[in-house]
Amino acid sequence: MKKSGILLILSGPSGSGKGTVVEKLCEKDDFALSISATTRAPREYEQEGIHYFFHTREDFLQMRDHHELLECAEFCGNFYGTPKKYVVDQLRQGKNVILEIEVQGALQVKQIYPDGVLVFLMPPNLEELGKRLTHRGTEDADTINRRICRALEEMEMVDKYEYVIVNESVEQATRDILAVVHAEKMRCSRNPNMKKIFKGEM
Ligand code: 5GP
């Protein structure tokens, strides 16, 4: 029987560089990224089904009410949620599944799926966070300010996570996350049949 992959629940404030790190991880065959549903309007470069599944509020709430979402949360005035089926299918196939989600959703997932691993990605400092959000050029000043306030709130939640990684560079942060996944795979609780395998009973 194929072993289930690791469910990697990755959070971090806007501007922490989650997106870039996730892209790097997805270059590896054994990682799959869950594409979220959202009611946020697409940014210029964003494509349906690649960056998000874009929905009206009405459709989104219907998905939620039909239990099609693993978790969902409101973030800066928009809804975001993780479609359940893809995650379950990929884990069963042995893939490590990445959820790149904000803190409320992350904690919901951990409650229903305690085997999930909570990783918090932090920008090196507040100044760098402000710079990254401003230079990205995808949001207006009002939205940037809301996101900085939200980033400070999210930072308060870091203690609820199992791992914290400071994103000094994409390469280093990616390596650190891979190290976490590698170690998690060796947890005794994830390898309950080792004695039987050793004795040739399985
Ligand atoms: P953005 O609008 O910048 O794409 O995303 C805003 C925030 O929503 C980010 O922190 C992102 O990680 C989070 N997010 C994206 N998809 C989901 C999701 O499916 N569920 C939750 N709870 N948060 C999400």
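Exactly one condition in (1) more than 24 Å from residue 155 (Cβ to Cβ); (2) within 11 Å of the ligand (Cβ to nearest atom); (3) surrounded by fewer than 18 Cβ atoms within 10 Å (Cβ to Cβ) is not met by residue 78; state its number. Exception for residue 78: condition (1). When 84, 24, 95, 3 are screened for being out of contact with any Phe, Trp or Tyr (no Cβ under 6 Å at 6 or more places or on another chain) and modelled with pLDDT under 95, only 3 passes.
Against the conditions (1) under 22 Å from residue 75 (Cα atoms); (2) of a type in the set (D, E, K, R); (3) out of contact with any Cys (no Cβ under 9 Å at 6 or more places or on another chain); (4) surrounded by 13 or more Cβ atoms within 10 Å (Cβ to Cβ), residue 142 satisfies every one except (4).
Scanning the stretch 173-202 for residues that are part of a helix (DSSP H, G or I) and loosely packed, with under 10 Cβ neighbours inside 10 Å gives 188, 189, 198. Any residue in the stretch 101-110 that is over 16 Å from the mean Cα position of the chain (by Cα) and either more than 24 Å from residue 173 (Cα to Cα) or more than 11 Å from the ligand (Cβ to nearest atom) (or both)? Within the stretch 101-110, not a single residue is over 16 Å from the mean Cα position of the chain (by Cα) and either more than 24 Å from residue 173 (Cα to Cα) or more than 11 Å from the ligand (Cβ to nearest atom) (or both). From the set of residues in the stretch 43-72 that are near the ligand (Cβ under 10 Å from one of its atoms) and surrounded by fewer than 16 Cβ atoms within 10 Å (Cβ to Cβ), which is nearest to residue 108 (Cα to Cα)? Applying the filter and picking the extreme gives 51. A count restricted to the stretch 112-158 and to residues that are within 15 Å of the chain's Cα centre (by Cα) and not in a loop (DSSP other than H, G, I, E, B) stands at 8.
Of the set (1) over 19 Å from the mean Cα position of the chain (by Cα); (2) assigned to a helix (DSSP H, G or I); (3) not charged (D, E, K, R), all apply to residue 41 but (2). Taking each residue of the stretch 94-109 that is at positive phi and looking for partners that are assigned to a loop (DSSP other than H, G, I, E, B) with beta-carbon atoms closer than 8 Å, six or more apart or interchain, yields 94/2; 94/3; 94/4; 94/5; 94/30. Are any of the residues in the stretch 155-175 within 13 Å of the ligand (Cβ to nearest atom) and within 30 Å of residue 67 (Cα to Cα)? Yes. Mind listing whichever residues of the stretch 145-168 are hydroxyl-bearing (Ser, Thr, Tyr) and open to solvent by less than 40 Å² (accessible area, probe 1.4 Å)? Listed by number, the list holds a single entry, 161. Inside the stretch 1-42, residues that are open to solvent by 10 Å² or more (accessible area, probe 1.4 Å), more than 9 Å from the ligand (Cβ to nearest atom) and either acidic (Asp, Glu) or under 19 Å from residue 71 (Cα atoms) (or both) make up a count of 6. The number of residues in the stretch 79-135 being hydroxyl-bearing (Ser, Thr, Tyr) and under 18 Å from residue 178 (Cβ atoms) comes to 0. Cβ-Cβ distances below 8 Å connect the following pairs, each with a first residue in the stretch 26-37 that is among the charged types (D, E, K, R), a second residue that is in a loop (DSSP other than H, G, I, E, B), and a separation of six or more residues or different chains: 30/5; 30/94; 30/95.
The values are calculated or read from the model by the stated rules, or taken from the named source; none is laboratory data. This one's a predicted model, so the numbers in the text were calculated from it and none came from an experiment. So basically every Cβ, Gly included, is an ideal-geometry build from the backbone, and we count neighbours across all protein chains shown. Ligands, DNA and RNA are stripped out before the accessible areas are found, and what is left, the full protein with its side chains, is counted by its heavy atoms. Shrake-Rupley method; radii C 1.70, N 1.55, O 1.52, S 1.80 Å.
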